[in-house]
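Notes to accompany the following structure.
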């Protein structure tokens, strides 16, 4: 199967600045190991992108670079027009991040934690915003509890709420449905789909059915290289399942 490459329509002179995420020729090495080998892609507002690849392909590394958590060795990354190296604070203002291992303060109450995160981001009308997030991610019945008393599914909702508390333009979600039961997956999927109508969402997952259900586009990387970047419908145009496409592109 030929490598799928999907090129977004470019608008002359304003293309980079119209993209919420702009990644060009990013290289990241850990000692002698190359985690990312010249990765390039763009993402626009209103897109929900599934970022896929086998374990160790470089997904989490790329997400951490976009959020400014770790630096790249080479290449350029811009978020909403701001370079992550020269304007890291501006980038962080515009990005919400839910890492694979959701780092929550377990001794804090749900509302207390979200208020704390909102204060860090200097959110105005904080109480109103916390109430909005609690309702939006379905935490109303759990808001009075300590985070340590919550199930995995509800902890994921708290993580999603903290990622959105400052109303970012871009959401980076690393395995947002990991460890959830089928009902919880559907509920979180609906939340993400709703968010994706007004923001740019980039999410990684090993549940390929979730990509088919949620994402307008998929980027697949293997061994640090982009091997596919296309609308999900285009990847499935030959009546293959996404699992089959994924396996063929990542086992070469």
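The values are calculated or read from the model by the stated rules, or taken from the named source; none is laboratory data. Keep in mind that this is a model prediction, so the values were computed, not measured. Note: ideal-geometry Cβ built from the backbone for every residue, glycine included; neighbour counts use all protein chains shown.
A few comments on the model shown:
- Among (1) surrounded by fewer than 16 Cβ atoms within 10 Å (Cβ to Cβ); (2) at pLDDT below 95; (3) part of a helix (DSSP H, G or I) - the single one residue 92 does not satisfy: (1)
- Selection count where residues are assigned to a loop (DSSP other than H, G, I, E, B) and free of Cβ contacts under 8 Å to residues at least 12 places away in the same chain, scope the range 197-240: 4
- Comparison of 100, 25, 47 shows that the only residue that is surrounded by fewer than 16 Cβ atoms within 10 Å (Cβ to Cβ), modelled with pLDDT under 95 and in contact with a strand residue (DSSP E or B) (Cβ under 8 Å, 6 or more places away or on another chain) is 100.
- Criterion applied to 197, 128 was being out of contact with any helix residue (DSSP H, G or I) (no Cβ under 9 Å at 6 or more places or on another chain), surrounded by fewer than 16 Cβ atoms within 10 Å (Cβ to Cβ), at pLDDT 95 or above and more than 26 Å from residue 70 (Cβ to Cβ), and the one residue passing it is 128.
- Tally, over the range 163-194, of residues that are in contact (Cβ under 8 Å) with a residue 60 or more places away in the chain and either assigned to a helix (DSSP H, G or I) or farther than 25 Å from residue 69 by Cβ (or both): 4
- Residue check for residue 73: farther than 17 Å from residue 229 by Cβ and surrounded by fewer than 14 Cβ atoms within 10 Å (Cβ to Cβ): yes
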